[in-house]
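Okay, structure first, notes after.
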Amino acid sequence: MTDLELAELLACTRCDLAATRQRVVVGSGPRPPKIVVVGEAPGRQEDEGGEPFVGRSGQLLFRLLGEVGLAREDCFVTNVVKCRPPANRAPRPREIAACAPWFALQMAEMGAAPLLALGATAARSTLGATRGIGVIHGRVVERDGRVGLATYHPAAALRGGDRVLSVMREDLAILRGLVA
Ligand code: URA
């Protein structure tokens with residue numbers, strides 16, 4: 001993304017989320033990274049701080065990635081939608097579509113890094129998943145020349161407890177095997 005494109009993204013009004021966001025949460029990490037981590041949309045803490053996955057979900061996510069030897073500094077971390085939906089509702093299809101060109105510009109800077117999609121929204125947008133996360137998690141797919149897999153969103157593990165956590169651990173071990 002050029003400086004001009006970044007400036008445009010930071011001032012983006014392509015969808016209604018512009019009216020209620022505090023910050024555009026662009027994403028952060030090395031380019032190219034070891035892996036690309038894609039969530040759904042910023043939450044309250046991300047909207048306030050301007051960084052993705054800095055709240056409770058992020059703490060859990062990076063603890064689990066740490067268990068397979070991946071640090072936050074190894075990851076480019078972003079979301080399908082760059083602005084917080086009010087009350088953390090799921091992003092709407094038109095919001096995802098409005099944000100897609102920004103996401104595409106980011107992906108162009110990611111080299112061949114494998115992608116981790118967190119939750120159903122990210123799995124649909126990034127891996128073309130058509131089935132639920134309970135079915136497609138941990139399956140390695142190739143899309144647009146990049147390998148990737150989906151796992152549960154860490155927020156689901158915060159709600160769902162040990163069963164979800166152990167599935168995420170299995171999925172992240174598979175992801176680790178994809179990293180060069
Ligand atoms: N949930 C997400 O999907 N993304 C974030 O950045 C934070 C929470």
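Quick notes on this structure:
- Label point of THR20 set 7 angstrom out along Cα-Cβ; within segment 45-62, amide nitrogens under 18 Å from it belong to 45-50.
- For segment 96-155, the set of trypsin sites (Lys or Arg not before Pro) satisfying both a DSSP loop assignment and a count of at most 13 other C-beta atoms within 10 Å is given as ARG131.
- The chain: calculated mean residue ellipticity at 222 nm from DSSP helix runs of at least 4, using -39500 (n - 2.57): -12500 deg cm²/dmol
- Simple spin-label estimate for GLN45 and VAL140 gives 3.2 nm between the two label positions (7 Å along the Cα-to-Cβ direction from each Cα).
- Across VAL164, VAL25, VAL36, mean-square fluctuation computed from a Gaussian network of the chain (C-alpha pairs under 10 Å connected) peaks at VAL164.
- Axial C-alpha extent at least 30 Å, average Kyte-Doolittle at least 1.6 - helices from the chain (DSSP): none
- Computed on the Cα atoms alone, the convex hull of the chain gives a volume of 104 cubic angstrom per residue.
- GNM top mover of CYS12, CYS75, CYS83 - the chain, alpha-carbon springs below 10 Å: CYS12
- Among VAL68, VAL38, VAL81: highest mean-square fluctuation, GNM of the chain, C-alpha pairs under 10 Å: VAL68
- Here the chain is treated with +1 on each Lys and Arg Cβ and -1 on each Asp and Glu Cβ, and its dipole about the Cα centre works out to around 540 debye.
- FRET efficiency estimate (nearest 0.05) - Cβ-Cβ, ARG72 to SER166, R0 30 angstrom: 0.85
- Rounded percent of accessible protein surface that carbon and sulfur make up, the chain, 1.4 Å probe: 51 percent
- Scattering profile of segment 115-169 at q = 0.18, 0.20 Å⁻¹ [log10 I(q)/I(0), Debye over alpha-carbon scatterers]: -0.51, -0.62
- Solvent-accessible surface of segment 3-178, taken per residue with a 1.4 Å probe and all protein chains present: 47 Å².
- Ordering GLY134, GLY119, ALA19 by the projection of their Cα atoms onto the charge dipole of segment 3-178, which places +1 on the Cβ of Lys and Arg and -1 on the Cβ of Asp and Glu, puts GLY134 at the extreme positive end.
The values are calculated or read from the model by the stated rules, or taken from the named source; none is laboratory data. Keep in mind it's a predicted model, so treat the numbers as computed, not measured. Every residue, glycine among them, receives a Cβ derived from its backbone with ideal geometry; neighbour counts consider all protein chains shown. Note: areas computed on protein heavy atoms with side chains; ligands, DNA, RNA excluded. Shrake-Rupley method; radii C 1.70, N 1.55, O 1.52, S 1.80 Å.
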